[in-house]
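Structure record follows, encoded as structure tokens.
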Amino acid sequence: LAQLLSEDLDFHHSDSGYASHSFHSFPAKFPPQLPRKFIHALTRPGDVVLDPMMGSGTTLVEASLAGRVGIGCDIDPLAVKITYVKTQMLNAQRVMDLGREITDGARYQIDHHAPALQQRLARFWDAKTQDFADYWFLPQIQLELLALFEQIQQIDRLPYRAFFELIFSSTIITKSGGVSLALDLAHTRPHRAKIVKNRKGDVLIGDVDEQDLGRRAAYLTKTQRSPLREFKKRLKDTVKHWAAFQKMQTAPYLCFSNAQTMALRDNTVDLVVTSPPYASNAIDYMRAHKFSLIWFGHAIDDLGDKRSEYIGGESISAFHFEPLPLRTQAIVDDIARLDAKKGQVLHRYYSEITRVLREVFRVLKPGKSAIFVVGSSVMRGRDTETHHCLAEIGAGIGFEVPEIGVRHLDRNRRMMPAGTRIDRNSQIQQRMHEEYVLGFYKPTGYTGDIDAAS
């Protein structure tokens with residue numbers, strides 16, 4: 001384990017788009033070569049590989065390709081949908097046939113039944129969700145998206161319906177904002193393109209200098225795309241990877257559950273590979289995911305409530321705080337002296353991670369390992385030292401931590417919300433440009449109490 005962690009973990013020049021890994025954008029996902037490295041070195045075919053915070057399912061896809069039994073947990077609805085689709089084995093010809101039926105049917109509805117489609121759109125959301133949709137999607141875009149969505153819902157078999165729902169979602173959530181008015185959904189707060197009319201009355205979309213509307217090329221920063229065309233394009237791009245996608249040997253078990261309370265038996269898992277969220281919602285998954293989830297029946301208010309449940313959230317009302325070991329508590333206290341609320345938010349984060357590590361320790365077999373890929377955050381100018389804190393918490397629970405590896409981030413490939421130039425004076429740049437790979441080893445014959453504060 002120590003040897004693996006001391007080797008190159010960057011994988012900057014490796015192709016990460018094989019199999020189903022490129023099906024859908026997802027913020028800050030690690031390259032598939034990372035879990036693959038540990039899966040092949042530390043497990044055998046048939047072993048159980050767990051990702052308790054599975055995100056877009058990178059670990060689960062690699063486990064399936066390697067013939068391991070994957071188990072994944074998450075509470076993010078889009079994450080569960082993405083992972084489910086990425087680990088299904090579908091018939092390529094059936095996919096192409098259904099794809100043509102969907103796009104032809106949607107086109108027919110738009111061309112011949114637009115008034116009825118408009119009426120259904122007016123009843124599609126509650127008032128608050130409708131306001132969100134109206135702010136981020138132009139009327140014609142909403143109409144095309146609804147036409148596509150209705151055609152997809154006519155597919156009887158769940159694996160195929162979920163597949164096309166994911167293609168649908170991928171037209172919305174991309175690093176460049178897709179078919180919405182968002183300029184970049186990788187940002188914590190997406191920027192909305194402005195909509196203006198030039199002197200000819202043409203509607204223009206972009207980051208506009210309203211004092212100079214005469215030169216269109218000077219301010220048009222986002223081309224509005226047709227969802228129908230984007231759907232066809234993304235379906236075609238996805239099918240290109242079909243040969244490798246179909247090499248999966250096993251289908252994982254997925255559960256819609258929190259990593260702090262997993263419904264797994266003690267001592268049953270051979271390897272854990274996961275990546276917890278950042279503290280204090282430094283990367284806000286729901287802020288991007290809701291652009292798609294509102295089309296799948298989720299109301300904006302409900303998604304806001306769901307966001308507060310995520311590990312790393314900022315809500316501290318009625319929260320159960322865990323006692324922390326000395327160094328970790330000292331860092332929390334340092335930040336609390338600068339900002340009391342931030343200190344509590346960080347205490348919440350390390351409390352949640354404590355409970356996750358307890359669960360991981362419980363389900364791991366003795367003599368087996370857990371790999372945690374973590375990034376640090378900066379709060380009020382103070383580094384949270386997440387990797388050191390997790391190592392200390394894990395040691396208190398009973399893990400050995402033989403090595404902490406370092407990865408240098410390729411930010412453009414990870415859909416990160418900042419550029420490559422480091423500027424510590426910029427708030428958006430106060431995200432680390434490296435992350436850490438912790439190896440937790442559960443000793444054989446361990447009989448101690450699971451106590452994070454010991």
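The values are calculated or read from the model by the stated rules, or taken from the named source; none is laboratory data. Bear in mind that the values here come from a model prediction, so they are computed numbers and not experimental data. Cβ placement follows ideal geometry from the backbone for every residue including glycine, while neighbour counts extend to all protein chains displayed. Calculation scope for accessible area: heavy atoms of the full protein, side chains included, ligands and nucleic acids excluded. Shrake-Rupley method; radii C 1.70, N 1.55, O 1.52, S 1.80 Å.
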Point to revise | Output for the stretch 344-379, where each listed residue is within 13 Å of GLY313 (Cβ to Cβ) and among the hydrophobic types (A, V, I, L, M, F, W, C) | key: VAL345, LEU346, ILE353
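When you check ARG68 against the structure, is it open to solvent by 50 Å² or more (accessible area, probe 1.4 Å) and in contact with an Asp or Glu (Cβ under 9 Å, 6 or more places away or on another chain), yes or no? Explain how you work it out, then say what you get.
On the way: open to solvent by 50 Å² or more (accessible area, probe 1.4 Å): no; in contact with an Asp or Glu (Cβ under 9 Å, 6 or more places away or on another chain): yes.
No: the conditions fail for ARG68.
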Exercise for review: Considering (1) open to solvent by 30 Å² or more (accessible area, probe 1.4 Å); (2) hydroxyl-bearing (Ser, Thr, Tyr); (3) touching a helix residue (DSSP H, G or I) at 6+ places or on another chain (Cβ under 8 Å), say which one THR328 fails and leave the rest.
Suggested key: (1)
Exercise for review: Among residues belonging to the stretch 75-102 that are in contact with a Ser or Thr (Cβ under 8 Å, 6 or more places away or on another chain) and not in a helix (DSSP H, G or I), point out the one that is farthest from TYR310 (Cα to Cα).
Suggested key: THR87
Review point. Residues in the stretch 17-24: is at least one on the phi < 0 side of the Ramachandran plot and either at pLDDT 95 or above or in contact with a strand residue (DSSP E or B) (Cβ under 7 Å, 6 or more places away or on another chain) (or both)?
Key: no
Revision key, fill the gap. Residues in the stretch 115-156 that are surrounded by 14 or more Cβ atoms within 10 Å (Cβ to Cβ), of a type in the set (A, V, I, L, M, F, W, C) and in a helix (DSSP H, G or I) total 13
Practice item. Among the numbered conditions (1) at pLDDT 85 or above; (2) open to solvent by 30 Å² or more (accessible area, probe 1.4 Å); (3) closer than 22 Å to SER169 by Cα, tell me where ALA288 comes up short. Key: (2)
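Can you pull out every residue in the stretch 291-301 that is within 23 Å of THR171 (Cβ to Cβ) and open to solvent by 10 Å² or more (accessible area, probe 1.4 Å)?
So in the stretch 291-301, the residues within 23 Å of THR171 (Cβ to Cβ) come out as 291-300.
PHE296, GLY297, HIS298, ALA299, ILE300 - these are the residues of the stretch 291-301 that are within 23 Å of THR171 (Cβ to Cβ) and open to solvent by 10 Å² or more (accessible area, probe 1.4 Å).
What do you reckon, is ARG94 modelled with pLDDT of 95 or more and of a type outside the set (A, V, I, L, M)?
Spelling it out, it is not the case that ARG94 is modelled with pLDDT of 95 or more and of a type outside the set (A, V, I, L, M).
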Practice item. Residues being in contact with a Gly (Cβ under 8 Å, 6 or more places away or on another chain), open to solvent by 50 Å² or more (accessible area, probe 1.4 Å) and without any contact (Cβ under 8 Å) to a residue 60 or more places away in the chain: count how many of those fall in the stretch 335-372. Key: 2
Exercise for review: Could you figure out which of (1) at pLDDT 65 or above; (2) buried (at least 18 other Cβ atoms within 10 Å of the Cβ); (3) within 20 Å of THR83 (Cα to Cα) isn't true of GLU230?
Suggested key: (3)
Exercise for review: For SER6, work out the one condition from (1) of a type in the set (Ser, Thr, Tyr); (2) free of Cβ contacts under 8 Å to residues at least 24 places away in the same chain; (3) touching a strand residue (DSSP E or B) at 6+ places or on another chain (Cβ under 9 Å) it doesn't fulfil.
Suggested key: (2)
Exercise for review: Being open to solvent by less than 20 Å² (accessible area, probe 1.4 Å) and β-branched (Val, Ile, Thr) is the filter here, so list the residues in the stretch 45-65 that pass it.
Suggested key: VAL49, THR58, THR59, VAL61
Review point. Do we have any residue at all in the stretch 302-318 that's out of contact with any Ser or Thr (no Cβ under 9 Å at 6 or more places or on another chain), at positive phi, open to solvent by 20 Å² or more (accessible area, probe 1.4 Å) and among the hydrophobic types (A, V, I, L, M, F, W, C)?
Key: yes
Check your understanding: Taking the stretch 265-285 on its own, how many of its residues are in a helix (DSSP H, G or I) and either open to solvent by less than 30 Å² (accessible area, probe 1.4 Å) or among the hydrophobic types (A, V, I, L, M, F, W, C) (or both)?
Key -> 3
